[in-house]
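K.L.:
Here it is: the structure, laid out below.
Read the figures in this text as sums done on the coordinates, not as results from a lab. Quick caveat: nothing in here was measured; it's all calculated off a predicted structure. Methodologically, a virtual Cβ is constructed for each residue, glycine included, from the backbone with ideal geometry; neighbour enumeration extends over all protein chains shown.
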Amino acid sequence: MKYPQVLAFVRAATLGSIRAAARSMDISQAAVTKTIKTLEEDLGVALFSRGVRGATLTAAGASLLPRAMLIVGQMELLPGDIRSDERGRVSMGVLPVATALLLPHALPAFVVSRPHAPLRIADGFLSTVLPGLRDGSLDFGICAIESDRLTNFFRFEPWFRSRAVVVARRDHPLAGRPCGIGDLVRYGWVYAGSRASVLDLFFNHPRSGAADEPLIIEAQNVTAGIVAVKSTDAISIAPGELAAQIVANPDIVLLDVTDPLPETIIGLLTRADGSLSANAQMLVELLRAAAQRIPGLEHC
């Protein structure tokens, strides 16, 4: 298997046609077709099913695509890794709490040192980071890992613990008085991470007494989550480290929860079988140093 074969396969699969793949590679359609055919012969399987609607991936092709995309992605990083001016792109997924706490300390130094390096910052929830690490579109994540989702494919380096708080709109029925887990589960929930984790932490809690699964609103960004909390009786869990920023919003308050609330461990998530580019490694080191020197964090 040769890299031009993998590249032709990935371009045809992701762009949807041999013609588009040929155009993107600046070669003829016949050359792309021949290259893919040679790859199929080498592997002993058909990767595309040809028909009147063009070429569609077979089961074998769909199985190969994620790994092939990772190979192409890693190859595209090579020029940036060896250039003297360090122009290599860095893509990372960062949780909101890590964004607020760590980026202000790490980002300025990175930009000064690597002024021409493109930087992509994605959401740091596992629903984004795990697929991104698998297909190579993300270099690393700063996230809260759930142990049952940490397979041998990934490596996790714990940095600090984050303790939860519960927030609601200012005139919520639970605002201004002590409440327990049993009170919380009577209301809907706004969440931005794993739905299963919300259910496990609260509705399967021994003190919940919840008989039915409540309304759960999935918010894909912070703004949507704030709007959902402000405009409904739904409540939400948030990192305690961001409590001061949260209550700066006059429409949001912290609830006085008397039962112990869960804590999460936040740290660096990478692929176990790969190494970071020079630029990605530099940014990781800056973020790690920021986590170590911020006062008040409960370091691991």
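K.L.:
Can you give the extra length, in nm with one decimal, that the chain gains between residue 46 and residue 20 once fully stretched, where that is 0.36 nm per residue apart less the Cα-Cα distance?
P.N.:
7.4 nm
K.L.:
Further question: Given springs between every Cα pair under 10 Å in a Gaussian network model of the chain, which of 109, 289, 248 has the largest fluctuation?
P.N.:
Maximum among the listed residues: 248.
K.L.:
At a 10 Å Cβ-Cβ cut-off, how would you order 257, 112, fewest neighbours first?
P.N.:
112, 257
K.L.:
As an exercise, take the mean of 1/r over every pair of distinct alpha carbons in the stretch 3-81, invert it, and state the Kirkwood radius in angstroms.
P.N.:
Over the stretch 3-81, the inverse of the mean reciprocal pair distance is 12.6 Å.
K.L.:
So which DSSP H runs in the chain come out at 20 Å plus along the axis (Cα) with average Kyte-Doolittle of at least -0.5?
P.N.:
29-43, 59-82, 96-113, 278-293
K.L.:
Quick check of the Kirkwood formula: for the stretch 220-273, what is the inverse mean of 1/r over all pairs of different Cα atoms, in Å?
P.N.:
About 13.5 Å, per the Kirkwood formula over Cα pairs.
K.L.:
In percent, what relative contact order does the chain have, based on Cα pairs under 8 Å that are 6 or more apart in sequence?
P.N.:
For the chain, the relative contact order is 22 percent.
K.L.:
Mind checking the full-extension length gain between residue 230 and residue 263? Use 0.36 nm per residue of separation minus the Cα-Cα distance, one decimal, nm.
P.N.:
Extra length available between residue 230 and residue 263 comes to 9.4 nm.
K.L.:
Over all pairs of distinct alpha carbons, what does the Kirkwood formula give as the hydrodynamic radius of the chain, in Å?
P.N.:
One decimal place: 22.0 Å for the Kirkwood radius.
K.L.:
So if we plug the beta-carbon distance of residue 135 and residue 285 into 1/(1 + (r/R0)^6) with R0 = 22 Å, what FRET efficiency do we get, rounded to 0.05?
P.N.:
About 0.35, to the nearest 0.05.
K.L.:
Would you mind computing, in nm to one decimal, how far apart the modelled labels at residue 27 and residue 249 are, each placed 7 Å from Cα along Cα→Cβ?
P.N.:
A separation of 5.2 nm, rounded to one decimal place.
K.L.:
Just grab the label-to-label distance for residue 119 and residue 294, each label 7 Å out from Cα along the Cβ direction, in nm (one decimal).
P.N.:
Rounded to a tenth, the inter-label distance reads 1.5 nm.
K.L.:
May I pose another question? Can you tell me the length gained on complete extension of the stretch residue 164 to residue 111, counting 0.36 nm per residue apart and subtracting the Cα distance?
P.N.:
Separation in residues times 0.36 nm, less the Cα-Cα distance, equals 15.9 nm.
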